[in-house]
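Q: Please see the structure below; I have some questions.
The values are calculated or read from the model by the stated rules, or taken from the named source; none is laboratory data. On a predicted model such as this, the values are computed, not experimentally measured, just so you know. No Cβ is skipped: glycine too gets one built from the backbone with ideal geometry, and neighbour counts run over all protein chains shown.
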Amino acid sequence: MNQLEDLLRDLVVANRVLAREDVVDAYGHISVRHPDNPKHFFLSRSLSPELVERRDLIEFDEMGEPVNDKRPPYLERFIHAAIFEARPDVQAVVHAHAEDTLPFGLVATPLVPVIHSAAFVGGAVPVWDIRDKFGDTNLLVTNMAQGRDLAGCLGAGKAALMRGHGFSAAAGSIFEVVRLAVYLPRNARVQMNAMRLGEPKPLSPGEIAARTASYKPHAPESWRAWEYWATRAGCGEPYRQAEG
Ligand code: MN
């Protein structure tokens, strides 16, 4: 298989993983930048991630419009288009409604990394409120202006919460954005539980930097997570490593 087909296979698997790990349900989506045409990206047609197959993937242009495809797209594809536009370093984007993250979009208490596996979030997660600029809407990101405003809130970061709605996460690869999307809700759950007991002690900036510096994308301990998630989602076969 060529590089593009390998990437699109990974995107299908990532859809299944996010569903299996309860990051998404009927709603939520993941995209990857086109490796040969960096203004474009791939995203499923409007379909629950658990059901996505290779034939469901559509190429989109830089304005979030489908390229030569008449099937209904996700209404919120502009999240992906705007983040890819603003962030040349980003190769993959997730948008999800994971319930554990939602309280932190409603109150002043910030969502911060409190567990080692969420260090990659980088720091306090900013909250984007669509109402600040667009007034009363249906809360969905349905055009580029809204997507760009969200991308502005994300800034150079890894994730932004969306008030009353969910979160969007961005990273340098499909694997990294899946990892972010899996651990962000878990971090939120741990932080919330800790707050019931007292004042949580977040990771320090130095600890976050040390975690980030020691991360090696192709190390066995990194690969192990992808192999595990893909296998749990019923798609582990292409990734299973030979012994020895
Ligand atoms: Mn949404």
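Q: Taking the criterion of being assigned to a loop (DSSP other than H, G, I, E, B) and within 16 Å of the ligand (Cβ to nearest atom), would at least one residue in the range 12-20 satisfy it?
A: Start the filter on the range 12-20 by keeping residues that are assigned to a loop (DSSP other than H, G, I, E, B), which leaves none.
Within the range 12-20, none of the residues are assigned to a loop (DSSP other than H, G, I, E, B) and within 16 Å of the ligand (Cβ to nearest atom).
Q: If you don't mind, there's one more thing I want to ask. Let me confirm something: among P66, P73, P38, P88, which residue is farther than 18 Å from L184 by Cα and within 16 Å of the ligand (Cβ to nearest atom)?
A: Sole residue among the options that is farther than 18 Å from L184 by Cα and within 16 Å of the ligand (Cβ to nearest atom): P73.
Q: Continuing with the same structure: Any residue at all in the range 33-56 that is crowded, with 24+ Cβ neighbours inside 10 Å and either in contact (Cβ under 8 Å) with a residue 60 or more places away in the chain or under 16 Å from H165 (Cα atoms) (or both)?
A: no
Q: Go through the range 210-230 residue by residue and tally those that are free of Cβ contacts under 8 Å to residues at least 60 places away in the same chain and in a loop (DSSP other than H, G, I, E, B).
A: Matching residues across the range 210-230 total 4.
Q: Filtering the range 194-209 down to residues that are assigned to a helix (DSSP H, G or I) and closer than 20 Å to A159 by Cβ, which residue is nearest to the chain's Cα centre (by Cα)?
A: Checked the range 194-209; the qualifying residue nearest to the chain's Cα centre (by Cα) is I208.
Q: Please give the number of the condition R55 fails out of (1) of a type in the set (D, E, K, R); (2) assigned to a helix (DSSP H, G or I); (3) within 18 Å of the chain's Cα centre (by Cα).
A: (3)
Q: Would you check if there is a residue in the range 144-154 being closer than 29 Å to R224 by Cβ and either in contact with a helix residue (DSSP H, G or I) (Cβ under 6 Å, 6 or more places away or on another chain) or modelled with pLDDT of 95 or more (or both)?
A: Scanning the range 144-154, I find at least one residue that is closer than 29 Å to R224 by Cβ and either in contact with a helix residue (DSSP H, G or I) (Cβ under 6 Å, 6 or more places away or on another chain) or modelled with pLDDT of 95 or more (or both), so the answer is yes.
Q: Take the residues in the range 21-32 that are hydrophobic (A, V, I, L, M, F, W, C) and part of a loop (DSSP other than H, G, I, E, B), then tell me which one is farthest from G166 (Cα to Cα).
A: Once the filter is applied, the top-ranked residue is A26.
Q: So which residues in the range 128-150 are within 15 Å of the ligand (Cβ to nearest atom) and either under 30 Å from W223 (Cβ atoms) or within 17 Å of the chain's Cα centre (by Cα) (or both)?
A: Those that are within 15 Å of the ligand (Cβ to nearest atom) and either under 30 Å from W223 (Cβ atoms) or within 17 Å of the chain's Cα centre (by Cα) (or both): W128, L140, V141, G147, L150.
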